[in-house]
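Data first, discussion second: the structure below is written as structure tokens.
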Amino acid sequence: MAVHKNTPRQSLTVVDNRTGKSYELPITHNSVLATDIKKIKAEPSPTDTAEDETKQGLRVYDPAYMNTAVVQSKITYINGLEGILRYRGYPIEQLVQKSNFLETAYLLIYGELPTEPQYADWQSEVGQHTFVHTDIEGLLKSFRYDSHPMSMLTAGFAALGAFAPEANPSLRGQKLYTAAASGDMESLKVLDKQILRILGKAPTLAAASYRMRQGRPFNRPAQGLSYTGNFLHLLDTLSDAGKPYTPHPVLEKALDALFIIHADHEVNCSTATVLQVGSSLVDPYSVVAAGCAALYGPSHGGASESAIRMLMEIGSPENVPAFMKDVEARKRVLVGFGHRVYKNVDPRSTAIRQLAEDVFKVTGRNKLLDTALELARYARESDFMRSRNLYPNVDFYSGLIYQAMGFPLDFYPVLFAVPRCVGWLAHWRQQMLTPSGVKIWRPRQLYVGSGEREYVEARERERKEGATVFDAPVQVHHGGDSKRNLLAVGRVRARL
Ligand SMILES: CC(C)(COP(=O)(O)OP(=O)(O)OC[C@H]1O[C@@H](n2cnc3c(N)ncnc32)[C@H](O)[C@@H]1OP(=O)(O)O)[C@@H](O)C(=O)NCCC(=O)NCCS
């Protein structure tokens, strides 16, 4: 790299006012190393506690990871201010228009768009790994009929690991995957085989969780359909009497595009979870199950479901102002708006607006659309929303499409988790192939609790002065108990 005469030094000089010492910290990729900060040491001040460990070096405090980069990644780039989302350099809008989900999956995981022969192999290999062991079907059938499909999907992925002992580093050795980084081809083969298995089986598990709820038999995966075409077949085929299943092309295309949009989003909550869990070198099935658990939360993958529930609650456009008054009074959250990174426009929401039109032409217009549009219009003009840079995110529109396509509300997170397996696996693969090895992720904390104290014998203990409701367990109701039992065990007093 050429160094120009007037190029400023790529470093940060900080002065520790406690000691008067000055430190020069190198800046790389516009970041400083947190371990360089640790070199800044001082004697404890009178207000420091022993637990502040002042002599051991300055710590970086960043609750909720507001400004902490935890990896170097080549996978996805997001520019939140300009509304840019690129997979391996390709703008999301181009991929939605020109690519398909399986091709985009290859791009995300392996770094380049596949050549024609590479794509043909990839499609066929993923297709070969779509069946799950029939015992997994038994596991899913053991769930209650009304279980949330994400519970089933999460359990299904965790259980899959038990069927692949050869893929388990706890049984086959710690370096089962990380040896691939130094060119061990056997290790790389095991690694890539699990990627095929997880991608192939994700729609099968997801569709089983859907069919379970309806009491319908599970369909067998089909060959010769696209990834999303096979998924629709697994969900919808009612009988195999004669005619092979052909998905509706508009719906298949829309689902495929939604899958592309949801395939990755750099180090979001579930991907960070995947990397955190992956750093312990556990098997990839447990890693993906952990990703599912993170995605299930309403602040992450549950938002499209909550957005529709919110629109249903609002009911019609004339109720929007009253609802927004509650949002502006901070009594409610406008679900489907706001994003930790996008502070201007969510490019994914732009990319799917046209899709929504295409789907509504086939399915009929979603009745909630008018309410949604009125909400978006109101939000655009609301000072509260504008001053906080709150714009519609992808979940605001995706839920409307899913609903028009007839998916049940609690299936929406599943429709997010299946394509997101690609992102999780791309990041997991990148992590396993880190040339310098995988270090276990172990964040720090600032301990602000009690200092050391002596154990007190039970008979000498007294209720803490000023104790609040948070300082002891609250009394809970035992819903399943009968009155007879409660009386018998003395948890309610008999009226004699
Ligand atoms: C996505 C989300 C969790 C991002 O959170 P974040 O980056 O931590 O943003 P913050 O919580 O710091 O919000 C900043 C401010 O905007 C407000 N805010 C953020 N999202 C809001 C929303 N959807 N409705 C109303 N107010 C919102 C916060 O109350 C806060 O206000 P304050 O500064 O007066 O305290 C948040 O915007 C949210 O909960 N959105 C709704 C859920 C959703 O759609 N999730 C899907 C994301 S793809």
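With respect to GLU137, is the statement that it is modelled with pLDDT under 95 and assigned by TED's automatic domain parsing to the domain that holds LEU281 true? Lay out the reasoning, then the answer.
Values: modelled with pLDDT under 95: yes; assigned by TED's automatic domain parsing to the domain that holds LEU281: yes.
Against the criterion (modelled with pLDDT under 95 and assigned by TED's automatic domain parsing to the domain that holds LEU281), GLU137 qualifies.
Being modelled with pLDDT of 95 or more, exposed (fewer than 11 other Cβ atoms within 10 Å of the Cβ) and within 16 Å of the ligand (Cβ to nearest atom), is that true of even one residue in the stretch 18-38?
No: the stretch 18-38 contains no residue that is modelled with pLDDT of 95 or more, exposed (fewer than 11 other Cβ atoms within 10 Å of the Cβ) and within 16 Å of the ligand (Cβ to nearest atom).
Out of the stretch 175-185, which residues are loosely packed, with under 14 Cβ neighbours inside 10 Å and either touching a Ser or Thr at 6+ places or on another chain (Cβ under 9 Å) or among the small types (Gly, Ala, Ser) (or both)? Show your work before the answer.
Residues of the stretch 175-185 that are loosely packed, with under 14 Cβ neighbours inside 10 Å, as a first pass: 182-183, 185.
Selection gives SER182, GLY183.
Quick test for you: out of ASP370, ASP358, ASP346, pick the one residue that is under 24 Å from HIS248 (Cα atoms) and out of contact with any Asp or Glu (no Cβ under 6 Å at 6 or more places or on another chain).
Numbers: ASP370 fails: under 24 Å from HIS248 (Cα atoms); ASP346 fails: under 24 Å from HIS248 (Cα atoms).
Only one candidate qualifies: ASP358.
Can you tell me how many residues within the stretch 80-111 are loosely packed, with under 14 Cβ neighbours inside 10 Å and within 16 Å of the ligand (Cβ to nearest atom)?
Total satisfying the criteria: 1.
Need at least 3 residues that are loosely packed, with under 14 Cβ neighbours inside 10 Å and not β-branched (Val, Ile, Thr) per element, so show me which helices (runs of 4 or more DSSP H) inside the stretch 388-492 make the cut, counting only ones lying wholly within it. Write out each step before concluding.
Details: elements: 394-404, 412-432, 483-488.
Qualifying helices (runs of 4 or more DSSP H): 483-488.
Among the residues of the stretch 294-305, write down those that are more than 7 Å from the ligand (Cβ to nearest atom) and in contact (Cβ under 8 Å) with a residue 40 or more places away in the chain.
Selection gives LEU295, TYR296, GLY301, GLY302, SER304, GLU305.
Identify the single condition in (1) more than 30 Å from TYR87 (Cα to Cα); (2) in contact with a helix residue (DSSP H, G or I) (Cβ under 8 Å, 6 or more places away or on another chain); (3) in the same structural domain as GLU305 (by TED's automatic domain parsing) that GLU381 does not satisfy, given that it satisfies every other one.
(2)
Go through (1) over 24 Å from ALA257 (Cβ atoms); (2) more than 10 Å from the ligand (Cβ to nearest atom) for THR363 and report which single condition fails.
Condition not satisfied by THR363: (1).
Yes or no: LYS5 at negative phi, at pLDDT 95 or above and either in a loop (DSSP other than H, G, I, E, B) or in contact with a Phe, Trp or Tyr (Cβ under 6 Å, 6 or more places away or on another chain) (or both)?
Numbers: at negative phi: yes; at pLDDT 95 or above: no; either in a loop (DSSP other than H, G, I, E, B) or in contact with a Phe, Trp or Tyr (Cβ under 6 Å, 6 or more places away or on another chain) (or both): yes.
Considered against the rule, which asks whether it is at negative phi, at pLDDT 95 or above and either in a loop (DSSP other than H, G, I, E, B) or in contact with a Phe, Trp or Tyr (Cβ under 6 Å, 6 or more places away or on another chain) (or both), LYS5 comes out as no.
Among the residues of the stretch 331-353, which ones are within 6 Å of the ligand (Cβ to nearest atom) and either within 14 Å of ALA307 (Cα to Cα) or not basic (Lys, Arg) (or both)? Can you show your working first?
We begin by selecting, within the stretch 331-353, every residue within 6 Å of the ligand (Cβ to nearest atom); these are 333-340.
VAL333, LEU334, VAL335, GLY336, PHE337, GLY338, HIS339, listed by residue number.
Would you confirm, using the coordinates I've provided, whether LEU334 is surrounded by 17 or more Cβ atoms within 10 Å (Cβ to Cβ) and part of a helix (DSSP H, G or I)? Outline the logic, then answer.
Values: surrounded by 17 or more Cβ atoms within 10 Å (Cβ to Cβ): yes; part of a helix (DSSP H, G or I): no.
Here the answer is no, as LEU334 does not meet what is asked.
Does ALA105 satisfy the condition of being outside any loop (DSSP other than H, G, I, E, B) and out of contact with any helix residue (DSSP H, G or I) (no Cβ under 9 Å at 6 or more places or on another chain)?
Considered against the rule, which asks whether it is outside any loop (DSSP other than H, G, I, E, B) and out of contact with any helix residue (DSSP H, G or I) (no Cβ under 9 Å at 6 or more places or on another chain), ALA105 comes out as no.
Among the residues of the stretch 165-174, write down those that are outside any helix (DSSP H, G or I) and either buried (at least 17 other Cβ atoms within 10 Å of the Cβ) or outside the structural domain of CYS292 (by TED's automatic domain parsing) (or both).
First, the residues of the stretch 165-174 that are outside any helix (DSSP H, G or I): 168, 173-174.
Matches in the stretch 165-174: ASN168 only.
What's the number of the only condition in (1) outside any loop (DSSP other than H, G, I, E, B); (2) over 16 Å from TYR378 (Cα atoms); (3) out of contact with any Leu (no Cβ under 8 Å at 6 or more places or on another chain); (4) within 13 Å of the ligand (Cβ to nearest atom) that ASP326 fails to meet?
The single condition ASP326 does not satisfy is (2).
The values are calculated or read from the model by the stated rules, or taken from the named source; none is laboratory data. Source: prediction; values computed, not measured. Cβ: placed from backbone, ideal geometry, glycine included. Neighbour counts: every protein chain shown.
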